[in-house]
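The values are calculated or read from the model by the stated rules, or taken from the named source; none is laboratory data. Since the model is a prediction, treat every value here as computed from it, not as a measurement. No Cβ is skipped: glycine too gets one built from the backbone with ideal geometry, and neighbour counts run over all protein chains shown.
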Amino acid sequence: MLTHDRYEQLKQEINFHLYRYHVLDAPVVSDAEYDRLWREFQALEAAHPDWVTPDSPSQRAGAAISEKFEKVRHPRPILSLANAFGAEEARAWVERIRKLDERVETGKFTVEPKIDGLSVVLHYRNGVFSQGATRGDGEVGEDITANLRTVRTIPLKIPVDARQKSKVESPADQLTLFPTDLQPSAFALPDYLVVRGEVFITNRDFEALNQKLAEAGEKTYLNPRNTAAGALRQLDPAITATRPLTILVYQVVYWEDGKLVTRETGARAAPSQGTGIPTSQWELLQWLKSLGFPVTDVARRFDSIDEAIAYTETWDKRRDELGYEADGMVIKLDDLSLAAELGFVGKDPRGAVAFKFPAREVTTTLLGIEVEVGRTGVLTPRAALAAVEINGVIVKNATLHNFDYIAEKDIRLGDRVLVKRAGEVIPYVIGPVVDARTGAEQPYIPPAACPACGQPVEHFEGEVAWYCVNAACPAQLVRNVEHFVSKGAMDITGLGYKIVEQLIEAGLVKDVADLYLLTKEQLLALEGFADKKADNLLAAIHASAAQPLNRLITALGIHGVGEVMATDLSKNFPDLAALSLATVDDLQQIEGIGPNSAASIIDWFSRDANRTLLYKLNQAGVWPVASGQSPVANNQSLSGLTFVVTGTLPTLSREGVKEFIEQSGGKVTDSVSKKTSYLVLGENPGSKHDKALALGVPILDEAGLRKLVSE
Ligand code: IVH
């Protein structure tokens, strides 16, 4: 495309997005995408100044005004900020203004969060809040005084009496440090003061609000900024009042004191004898705070741009700690007189720059919804997206949490969706950009059958998830086996994900019981298996057959049954056969087992595939009998006997044999003495063997021990 055509196209697009953003409060692209268009547009204008026409978005500070509210002309233009992406661009900014005024060289910098909210302008006459307006196009805003009055952190009268302020209890208020010990200011309160701040909603308040709306079955909001924008533009202030809006104030737009003096912020140095206002941004923030305005408590002042950048960059990583959405930090020349003298370019003051954090939210197209089957059979919807870059990573998939979420947010196939990728969190779909709909979007219908095995899916009372409860479902099998062999379950070492996949692919394992039927020949036929590896794996599998009942119950992966519940079950049922016969009532007798878990256990044992699995485990000798109820334990046949174990036993691990002996009433000690009843001998024994021989202590192998127990 010819560059001029591209320029015209960008102009149209940007004007459209500005209108959607400022007038309709319904942007269809994310800030990051808008920034990209804007930068391309600015570069074209810089290269071709002759193209610039009065309708260029660069020729006005904001967008058109909507007709709903009265108009308010701002006493001074409400400026915007130029962006800097990265340290280099921030240094380039300083370099540019240093060339204009060498005082920049030795000047200080104040750094503040760039709150992602709505800019508002607050007027105070003789200390009383008299008018509040939106930014509008930067020259004229809308009168939203009534709405702003409902924002509890906006002082209706300044200076605020600190004792009264402490009565405010909204969590948002705790964000800002209100002065408890107001210092007498060197500056008097001007008769007329106009300040500017950012209205926003904290993340916590936003989540609480959305939760409340969801519980009431109402539509939830996409993000705090949209919510705040909508709330400020309510024609009924009573509605605004129900939204948890708050504010941080950061600028004096205008002030007048007496009939004689009219000044622009910081245009001239403030006299220090009790009149005027501070001309350092840092001191201005303290002063605003002393008047009772909420002011950020993470602003800092630095002697050099490098320190300012370093501080800014620390917040890039910690931005979630702010408790509200910030899309960057603002680096400001601390000397406001100097900043004012430097003037502005278009709508951007030269004296400050927005150091942008990488965007975390972008919009893209939802191409489809894929359904994955997890180990426990839970079906999870996953968004297939038109590839999009978020903070340096190309994102093609994102989580949609669960099917209720899709319905609740009314996410449709083909929708333009807002996607968030923050920190290490898996990218997720926030919701649809409803205003970008063309009508071609299709509602999504969740599957009624498991996409992997075709069995009907089920829903458990009180849960949002849908499950495939077929234990033989191939999609679940890999994860099932992984869980079965894991540390807290059967603890079979050497059976990693890759090998599990290999075994399943070769058709050797169709359920977990098949593990115990594997032969050395079968393993040797698999890629990467040599003699020793095959031996080791088989030994580990067979050793696991001696794991106690609680571990086997855990290993089965019954929905809702974790290690603790499995142990409780093993204390109440001697084996899996007994457990499989339990009724809901039997199960609910056990502390910690409620109706949902009980139902899920019954459900598991009622399935044919699971019954077959139990039969196979039993046939393979994987059939532990629990302590307490077992005939073995009951006869306590080892009671009074002391054992020492040495060497490696064929099936029982060191822990396993100890448990085995103790369950039958015996004791295990470490060293052989005359009092030792038996030495249990395995392969490669140590010196204990010699000692036992010397002392004449009877020696058993594992089979002998088992025999002793069952006698
Ligand atoms: S200073 C001349 N400071 O960011 C002063 N702006 O992208 C210009 N914003 O329109 C603004 N936090 O609405 C300033 N601490 C902060 C800010 C801040 C948020 C907003 C403001 C501005 C936009 C520019």
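If only one of V378, V393, V362, V388 is out of contact with any strand residue (DSSP E or B) (no Cβ under 7 Å at 6 or more places or on another chain) and among the aliphatic types (A, V, I, L, M), which one is it?
Details: V378 fails: out of contact with any strand residue (DSSP E or B) (no Cβ under 7 Å at 6 or more places or on another chain); V362 fails: out of contact with any strand residue (DSSP E or B) (no Cβ under 7 Å at 6 or more places or on another chain); V388 fails: out of contact with any strand residue (DSSP E or B) (no Cβ under 7 Å at 6 or more places or on another chain).
Residue meeting the stated conditions: V393.
For the stretch 639-648, indicate whether the set of residues that are touching a Pro at 6+ places or on another chain (Cβ under 8 Å) and in a strand (DSSP E or B) is non-empty. Yes: the stretch 639-648 contains one or more residues that are touching a Pro at 6+ places or on another chain (Cβ under 8 Å) and in a strand (DSSP E or B).
Please verify whether F206 is away from the ligand (no atom under 16 Å from the Cβ), within 29 Å of V252 (Cα to Cα) and either in contact (Cβ under 8 Å) with a residue 12 or more places away in the chain or touching a strand residue (DSSP E or B) at 6+ places or on another chain (Cβ under 7 Å) (or both), treating the condition exactly as stated. Before you say what the answer is, go through the steps one by one.
Values: away from the ligand (no atom under 16 Å from the Cβ): yes; within 29 Å of V252 (Cα to Cα): yes; either in contact (Cβ under 8 Å) with a residue 12 or more places away in the chain or touching a strand residue (DSSP E or B) at 6+ places or on another chain (Cβ under 7 Å) (or both): yes.
Yes, satisfied.
Among the residues in the stretch 255-273, are any touching a helix residue (DSSP H, G or I) at 6+ places or on another chain (Cβ under 8 Å) and at pLDDT 90 or above? No; the residues of the stretch 255-273 include none that is touching a helix residue (DSSP H, G or I) at 6+ places or on another chain (Cβ under 8 Å) and at pLDDT 90 or above.
For E321, the conditions (1) touching a residue at least 24 places away in the same chain (Cβ under 8 Å); (2) of a type in the set (D, E); (3) surrounded by fewer than 21 Cβ atoms within 10 Å (Cβ to Cβ) all hold with the exception of (1).
Among the residues of the stretch 311-370, those that are among the hydrophobic types (A, V, I, L, M, F, W, C) and in a helix (DSSP H, G or I) comprise W315, L322, L336, L338, A339, A340, L342. Restrict the check to the stretch 518-533 and report whether at least one residue is surrounded by fewer than 21 Cβ atoms within 10 Å (Cβ to Cβ), in a loop (DSSP other than H, G, I, E, B), touching a helix residue (DSSP H, G or I) at 6+ places or on another chain (Cβ under 7 Å) and modelled with pLDDT of 95 or more. There is at least one residue in the stretch 518-533 that is surrounded by fewer than 21 Cβ atoms within 10 Å (Cβ to Cβ), in a loop (DSSP other than H, G, I, E, B), touching a helix residue (DSSP H, G or I) at 6+ places or on another chain (Cβ under 7 Å) and modelled with pLDDT of 95 or more.
Each row is one residue, and each column tells you yes or no for (1) within 23 Å of Q442 (Cα to Cα); (2) hydroxyl-bearing (S, T, Y); (3) modelled with pLDDT of 95 or more.
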{"site": "A339", "(1), (2), (3)": "no, no, yes"}
{"site": "G346", "(1), (2), (3)": "no, no, no"}
{"site": "K356", "(1), (2), (3)": "no, no, no"}
{"site": "R375", "(1), (2), (3)": "no, no, no"}
{"site": "T380", "(1), (2), (3)": "yes, yes, no"}
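The conditions of being without any contact (Cβ under 8 Å) to a residue 60 or more places away in the chain, of a type outside the set (D, E, K, R) and within 12 Å of the ligand (Cβ to nearest atom) are not met by W51.
Among the listed residues A513, A546, which satisfies the condition of being surrounded by 13 or more Cβ atoms within 10 Å (Cβ to Cβ), in contact (Cβ under 8 Å) with a residue 60 or more places away in the chain, assigned to a loop (DSSP other than H, G, I, E, B) and out of contact with any strand residue (DSSP E or B) (no Cβ under 8 Å at 6 or more places or on another chain)? Break it down into steps so the answer makes sense when it comes.
Values: A513 fails: assigned to a loop (DSSP other than H, G, I, E, B).
It is A546.
Within the group F660, F643, which residue is aromatic (F, W, Y) and in contact with a Leu (Cβ under 7 Å, 6 or more places away or on another chain)? Walk me through it before giving the result.
Working: F643 fails: in contact with a Leu (Cβ under 7 Å, 6 or more places away or on another chain).
When all the criteria are applied, what remains is F660.
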